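J.: The following block contains the structure, expressed as structure tokens.
The values are calculated or read from the model by the stated rules, or taken from the named source; none is laboratory data. This structure is a prediction, so every number in the text was calculated from the model and none was measured. Heads up, the Cβs are rebuilt from the backbone with ideal geometry, glycines too, and the neighbour counts pull from every protein chain shown. The area values use the complete protein model at the heavy-atom level, side chains included, leaving out ligands, DNA and RNA. Shrake-Rupley method; radii C 1.70, N 1.55, O 1.52, S 1.80 Å.
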Amino acid sequence: MHQPGGRGVLEDVAAAGHAFGNHSMTHTTSPGESPGWETVQREISDMQQLLGSLAGDEKLFRPFGGGGHLGPHLFSEEAVEHLTAEQYTVALWNSVPRDWEDPDGWCERALLDIQRRPWMLLVLPDVAADAMKHLPTFLDRVLESQVEITPDLPADCVPIRRGRITGDLDPLVAHG
Ligand SMILES: [Zn+2]
């Protein structure tokens, strides 16, 4: 959102009918690493305000994981209070093939993850040059293997849905 043209990209994404959500303001500090209301305000609330009317009917938030890791660094008690009170849906993930470390090898690892799981929520940050040149191949192979691609979020990756706690959040919350 801070880059010139960022909002235009989002407008195109929204116009094409895709869902998108809040992934923190700075992408450097998750609420669990810096508990307190200031972090919640900056990382979640201010970002949501920037998205404004572009955000869909369901407010989606995915915490910054710092390399794709799940753990108590993701949320603070204040963050959980805010996300539930403001009726967010929180999306986590279960496949991180690390495209940024291995721009050529992520595709095979992602395909293996698909075989190993009943469903997969894939994280592809797309920050390394050239990593996404494998995306068409990946998608072709997914479609060939008759895996269904759906916008629905799998229950195991959604610890909060529309403000209701639906999963085991405790391992993801820093307790001060
Ligand atoms: Zn991220």
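J.: I need a count of the residues in the stretch 134-153 that are touching a residue at least 60 places away in the same chain (Cβ under 8 Å) and either of a type in the set (Gly, Ala, Ser) or surrounded by 14 or more Cβ atoms within 10 Å (Cβ to Cβ) (or both).
T.: 1
J.: Give the stretch 141-176 a look and list any residue that's out of contact with any helix residue (DSSP H, G or I) (no Cβ under 7 Å at 6 or more places or on another chain) and assigned to a strand (DSSP E or B), or say none.
T.: Selection gives 161, 164.
J.: Ok, one more. Is it the case, given these coordinates, that residue 27 is under 25 Å from residue 134 (Cβ atoms) and more than 16 Å from the ligand (Cβ to nearest atom)?
T.: Criteria not met by residue 27.
J.: Take the residues in the stretch 34-64 that are touching a Leu at 6+ places or on another chain (Cβ under 9 Å) and more than 16 Å from residue 162 (Cα to Cα); name whichever of them is nearest to the ligand (Cβ to nearest atom).
T.: 64
J.: Then there is this: Report yes if residue 128 is among the aliphatic types (A, V, I, L, M), open to solvent by less than 60 Å² (accessible area, probe 1.4 Å), at negative phi and not in a loop (DSSP other than H, G, I, E, B), otherwise no.
T.: no
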